Amino acid sequence: MEIVKLNGEDTELYRRIAHLVMNKDVLASNNNYPFKTSPGHVWFVAYDSEGRTLGFIPAELKNRKATINNYYVAHDDTHILCAMLARLTEELRKEFAILSVTQNRHVQAFRKCGFSIMFEWEKYVKMIYSEDDQEKRS
C-alpha cells in the first residue's frame, strides 16, 4: 500500500478520487454528505500496487488546526484507516492541532491512532490527536 499527500486542488487528487466521491455507495458510507476540498485542504490517499484507491482522508488547514471532516476507507478497513492516520499525524502534528469529526463506527480505530474524544453527537464524535495518547497505546 502506498499513501500520497496531495494538495486540495491537485489534478492527481481528482484522478485518484473522483470515481469514489461521486459513487452512491461511498456517499452513503459518509451519511450522504458530500466531500469538499479547497486550496486549504491536504489529502492523504491510499492506493494498492495496481493503483486502486483504497481510501482517503482530507484535512482542512486553517488557524493552526488540521480538521478531518469526511473521509473514506474501503470496507471500513481499520488497517488502511490507521495507516492513513499515521501518515497524516506524522506530517501535520508539528504545525497543527489535529481534530477529527469521526463517524461512530471508526472511533476505536481513531483511539488506537492517538485520538481522544472531545464531544459526542448522535452520528459523529469530535476527537483530537494527542502524542501522549499515542505513546500510551504503543
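The values are calculated or read from the model by the stated rules, or taken from the named source; none is laboratory data. Nothing here was measured: the structure is a model prediction, and the numbers come from that model. Glycine gets a Cβ as well: all are built from the backbone with ideal geometry, and neighbour counts include every protein chain shown. The protein model used for the area step is the full one, side chains on, heavy atoms only, and it has no ligands, DNA or RNA in it. Shrake-Rupley method; radii C 1.70, N 1.55, O 1.52, S 1.80 Å.
Per-structure values
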quantity: In the chain, lysine pairs with alpha-carbon atoms under 20 angstrom apart (chain gap of 8 or more, or interchain); calculated: 19
quantity: Cα shape, region 18-92, gyration tensor, a/c 1.5 rule; calculated: oblate
quantity: Computed helical MRE - 222 nm, the chain, DSSP H runs ≥ 4 contributing -39500 (n - 2.57), nearest 500; calculated: -9000 deg cm²/dmol
quantity: Candidates 40, 55, 114, ranked by Gaussian network fluctuation over the chain, Cα under 10 Å, top entry; calculated: 40
quantity: Folded to 0 to 90 degrees: helix 11-21 orientation relative to the chain principal axis, Cα; calculated: 90 degrees
quantity: Degrees between helix 78-92 axis and first principal axis of the chain (Cα, 0 to 90, nearest 10); calculated: 70 degrees
quantity: For the chain, Kirkwood radius (reciprocal of mean inverse C-alpha pair distance, Å); calculated: 15.0 Å
quantity: Probe 1.4 Å, accessible area per residue of region 31-138, Å²; calculated: 54 Å²
quantity: Loop-resident sites, region 45-101, for GluC sites (Glu not before Pro), counting at most 16 other Cβ within 10 Å (DSSP); calculated: 50, 95
